[in-house]
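Structure first, then comments.
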Amino acid sequence: MAQFYLLSVLSNIVAGLTLAGDYLGEKMPFLASFKNLRANRTATVTIAIVTLLIGIIKLIVLSPGATIPVVGNLLPALSGIAIGAILLVEVFRQKVESQGEQLKKISTTVLSYRVPMGIAGAVIGFLHFLLPGVPIL
């Protein structure tokens, strides 16, 4: 369905830019608004949940022009799931870190790759928009 294709593209790009907002805001001042967006907890949780759900649905629903059921949308779906999960971990990090040392190590490890995952997610979303018929994108 074309609606999930567009939602996947937009959610991957917005969530990726939100996740890498600190780094991108320093390098390109016009992207500094994504840093401010990440400071808003409600907006971040909403973006994370929408991106995560769209990523899961993307594994099931085919994009227009896709002929291979799961592999046709694999990269956008996996990046949506990963970026949504990382955003949720970032938002709820204080609660997770107070639960135990093992969870604190896991959240620290996951969040250390926040910026590369955000940039990769935005690039995957952009490539998915430009090349909708490519099997893995």
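Here, each number is a calculation from the coordinates, and none is a lab measurement. Keep in mind that this is a model prediction, so the values were computed, not measured. Methodologically, a virtual Cβ is constructed for each residue, glycine included, from the backbone with ideal geometry; neighbour enumeration extends over all protein chains shown.
The table below lists the values:
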| item | result |
| --- | --- |
| Ranked list, fewest to most other Cβ atoms within 10 Å of each Cβ, for Ser112, Ser8, Ser33 | Ser112, Ser33, Ser8 |
| Fully extended contour minus Cα-Cα distance, from Tyr23 to Tyr113, at 0.36 nm per residue | 31.2 nm |
| Cut-off 19 Å, label 7 Å out along Cα→Cβ of Arg93, residues of segment 3-40 by amide N | 15-27, 32-40 |
| Value of [θ]222 nm, deg cm²/dmol, for the chain, DSSP H segments ≥ 4, -39500 (n - 2.57) each, nearest 500 | -23500 deg cm²/dmol |
| Amide N proximity, segment 105-137 versus Leu31 label position 7 Å along Cα-to-Cβ, cut-off under 18 Å | 112-130 |
| Sorted peptide list for 85-92, 128-135, 116-123, criterion being average Cβ within 10 angstrom, highest first | 116-123, 85-92, 128-135 |
| Stretch gain in nm, segment Ala39-Leu53, where the contour uses 0.36 nm per residue and the Cα spacing is subtracted | 2.9 nm |
